[in-house]
2 protein chains.
Amino acid sequence: MARANEENRRKPVTLSDVARAAGVSQATASRAINGSQRTVNEELRQRIFTAAEKLNYTANLSAQTVARGTSTTVALLVSDIADAYFSSMAASVMTAAEAAGLRVTIAVTERSVQREIELVRELRGQHARAIILAGSGYLDSDLTEPLVRELEMFEDMGGRVVLVSRMDLPFAGVDLDNLEGAKRLASALVRLGYQSFRVLGGERELVATRDRVAGFRAGLDGHGITLGDDRVIYSNFSWEGGFDAIQAMDDRVLADTGLIFAVNDEMALGALAGLRNRGMRVPGDVALAGFDDIRSLRNIVPTMTTVRVPIEEVGREAIARALEVGDGHQPRVVTAIVVLRESTPRLN
Amino acid sequence: MARANEENRRKPVTLSDVARAAGVSQATASRAINGSQRTVNEELRQRIFTAAEKLNYTANLSAQTVARGTSTTVALLVSDIADAYFSSMAASVMTAAEAAGLRVTIAVTERSVQREIELVRELRGQHARAIILAGSGYLDSDLTEPLVRELEMFEDMGGRVVLVSRMDLPFAGVDLDNLEGAKRLASALVRLGYQSFRVLGGERELVATRDRVAGFRAGLDGHGITLGDDRVIYSNFSWEGGFDAIQAMDDRVLADTGLIFAVNDEMALGALAGLRNRGMRVPGDVALAGFDDIRSLRNIVPTMTTVRVPIEEVGREAIARALEVGDGHQPRVVTAIVVLRESTPRLN
DNA sequence: TTGAAAGCGCTAACAA
DNA sequence: TTGTTAGCGCTTTCAA
């Protein structure tokens, strides 16, 4: 089975090989195979396809990109592809992209704005058609300005930028309705009889943290309950963040807490583990709610109250915005839905 | 903010722009910026970099790929990126790739061999450096032969093929030790006192199903316990598959079952939900074990016995094999470790 | 409708 | 060490 050593490697079949085999010019072969507006005589067309098939021709995408000056690739930038939320999102974006005849390349930002900047820069070099930035969303970073500049250069080049869940920058976007979703959740919980809340936030600078905390607070406000700053505990936007925050909580504080709202489900799951680790029952001793409605919630007992982000819709909308022309910047809002489950039972 | 309409879009900065600005030839600029063996005079080098910086130059990857005839992209083919196992794998492959200066593009096969074939074909056109196929692993498919042919053409072109967890094809690979892992699990369970087993398999044609079932059976055999064919229930290799298999089980069969081994954790979690749905307690009424040790196991109660596949190592090994030259086909084996937890307590 | 030829941005002989 | 020049595989004017 000695194939493909440095020496005996077969040169790939090119379009000109196909053209020669079919007895036409390369231009005609190009028009027939890689579609263009112009039509090709049916008989030639047949000959060309037959030749291509026989030679096992596949178009060299890079060459097409160079020649055309544009590609059909959209890039999805996520913080961490192993995270359930982002991997679901990637799946939905890929499905939508496929339907639109686009290919997707996924890049991981590792929650670093610096990395985002580098990646956007590279993608400019790759002539990506669009960038869907679903990453961190760090506010107030010194790097926000450079990031915006880089994104603008990307658009100047003809690419399109779509931001998911952060509307503070001047680009097209899909808004996740964090604020309203959290607000409705707070309302629903008050109506179930809860009075004493604590909130577990991720990094303070994160858009998701800020909006969800603010929304939750606004929702409580509407019922005359004030969520003091001391009732919001900031940690990491991850399972470990939720776990650690609980571990660090004072016994008396915990005893005084009726319900904990973690700003995402991963944190809520970490908190759940933390609570159990401290011998607390959920919802017996304390109720718990999250945000996102990630798939793995179906595995836990008790079932968990959360705010569902319809992730397929997010993917579809992101691709739709990526395909739009012009530069409208009004975000498309995807509605988040409160889902009440066992972790927050009605109080008597 | 009217940028980037069709009309007023700025032409991207090219290498010749940089060269002109620096007052050198394009060749020199190329050597300085996009590294080559050859060295460039330090002063020129400075001038070139300054010019590149000022003009915000980024190399056009496609053009480089065309000119060089090879790319630094490796493609990872997975069944479903939303699946916890595959998304972890993607993360580990990306980390390892980054360290090696490669970029990764992820493509989804949707558990279809036909799709795998198409993708490999496209990747040949993209001059990908390597393909890591971590997908389905369907045996006995009519399409296996075409797939192999396509992969061989990919290698003929100079690309490298790395198979994860399927050693039946003549390519480099990373073996997951499915057989031995399942065998050790069976042994450990027998030693805990279990006697009556059922196995939940995924699709019969799946390598993972076949090897894990065979390994488990062999492990039991070693202790004089025979696992009859009627004790293996085939379903889908997914959460739903596990759930459905349990729903479809006869009451008497279930009552006669001491332990259920699901061939992957997702199925085990589905089975857990199914068992609870039928009012069975785990491990009180029936014990349960899975395979993979996916991350979300940390959220469930009881903690679940499984066989850990060290996924980071798989990613590293896959990239290492992708970088190897020559055509050795002996798979690198990654050892799977039995992890006993609460779902399979020792029996008195 | 077809073909010849120029060009996309870059690299790599080959000379100088 | 640098520059000249000829490609890489493809698309797309421009003539025919």
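Of note:
- The range A:83-225: C-alpha gyration tensor shape, a/c 1.5 cut-off, then a/b vs b/c: prolate
- Sites listed here are GluC sites (Glu not before Pro) in the range B:271-348 whose DSSP assignment is loop and whose Cβ has at most 15 other Cβ atoms within 10 Å: B:GLU324, B:GLU342.
- Counted over chain B, the DSSP beta bridges are approximately 10% antiparallel.
- Relative contact order for the range A:63-167: 32 percent, from Cα pairs under 8 Å spaced at least 6 residues apart, divided by residue count.
- Relative contact order [Cα under 8 Å, 6+ residues apart], the range B:178-309, whole percent: 24 percent
- Choice from B:THR39, B:THR73, B:THR95 showing the highest fluctuation, given a GNM over chain B with Cα pairs closer than 10 Å: B:THR39
- Considering only A:ILE260, A:ILE48, A:ILE337, the Gaussian network model of chain A with Cα springs below 10 Å gives its largest mean-square fluctuation to A:ILE48.
- Principal-axis tilt of helix B:144-156 within chain B, Cα atoms, nearest 10 degrees: 30 degrees
- Summing both sides, the accessible surface hidden between A and B at a 1.4 Å probe radius is close to 5500 Å².
- Equivalent ellipsoid dimensions for chain B as semi-axes, Å, which come from the Cα gyration tensor, largest first: 51, 21, 18
- Copies compared at B:ASN56 - label distances in nm, ascending, label defined 7 Å from Cα in the Cβ direction: 4.4
- Solvent-accessible area per residue, Å², over the protein assembly as shown with all protein chains present [probe radius 1.4 Å]: 42 Å²
- Other copies of B:VAL333: label-to-label distances in nm, shortest first, labels 7 Å along the beta-carbon direction: 5.9
- Applying 1/(1 + (r/R0)^6) with r as the Cβ-Cβ distance of A:GLU324 and B:ARG231 and R0 = 60 angstrom yields a FRET efficiency of 0.60.
- Aspartates and glutamates whose Cα lies under 14 Å from that of A:LYS11, excluding same-chain neighbours fewer than 8 positions away: B:GLU152, B:GLU155, B:ASP156
- Crossing angle, helix A:84-99 versus chain A [Cα axis fit, 0-90 degrees, rounded to tens]: 30 degrees
- GNM remark for chain B: springs join alpha carbons under 10 Å apart, and the peak mean-square fluctuation among B:ALA91, B:ALA188, B:ALA59 falls on B:ALA59.
- Estimated D of the protein assembly as shown in µm² per second, where Rh is the Kirkwood radius over Cα pairs and Stokes-Einstein applies at 25 °C, 0.890 mPa s: 89 µm²/s
- The protein assembly as shown: calculated mean residue ellipticity at 222 nm from DSSP helix runs of at least 4, using -39500 (n - 2.57): -13000 deg cm²/dmol
- Shape of the range A:225-348, Cα gyration tensor, a/c cut at 1.5: prolate
- At R0 = 22 Å, FRET efficiency that the Cβ-Cβ distance of B:ASN277 and B:GLU342 yields, to 0.05: 0.65
- Structural descriptor for chain A: relative contact order 15 percent, calculated from alpha carbon pairs under 8 angstrom and at least 6 residues apart.
- Unit Cα scatterers, Debye sum, the range B:161-305: log10 I(q)/I(0) for q = 0.09 Å⁻¹: -0.26
- For A:ALA218, inter-copy label distances in nm, listed shortest first [label point 7 Å out on the Cα-Cβ vector]: 6.1
- Across the range B:303-314, computed HN-Hα scalar couplings (Karplus, 6.51 cos²θ - 1.76 cosθ + 1.60, θ = phi - 60°) run 4, 10, 5, 7, 10, 6, 9, x, 5, 4, 5, 4 Hz from first to last residue, x flagging Gly and Pro.
- Whole-Å distance, taken between Cα centres, linking the range A:214-285 and the range B:301-348: 35 Å
- Taken along the Cα-to-beta-carbon direction at a fixed 7 Å, the label points for B:GLU205 and B:ALA248 span 1.7 nm.
- Shielded by partner chains, the range A:104-120 residues - at least 40 Å² of accessible area, 1.4 Å probe, vs chain alone: A:ILE106
- Note on the protein assembly as shown: with neighbouring protein chains present and a 1.4 Å probe, carbon and sulfur make up 48 percent of its accessible heavy-atom surface.
- Measuring between their Cα centroids, the range A:79-108 and the range A:142-178 lie 18 Å from each other.
The values are calculated or read from the model by the stated rules, or taken from the named source; none is laboratory data. Bear in mind the structure is a predicted one, so any value in this text is a computation, not a measurement. A quick note on method: Cβ atoms are made from the backbone with ideal geometry, for glycine too, and the neighbour counts reach across all protein chains shown. Ligands, DNA and RNA are stripped out before the accessible areas are found, and what is left, the full protein with its side chains, is counted by its heavy atoms. Shrake-Rupley method; radii C 1.70, N 1.55, O 1.52, S 1.80 Å.
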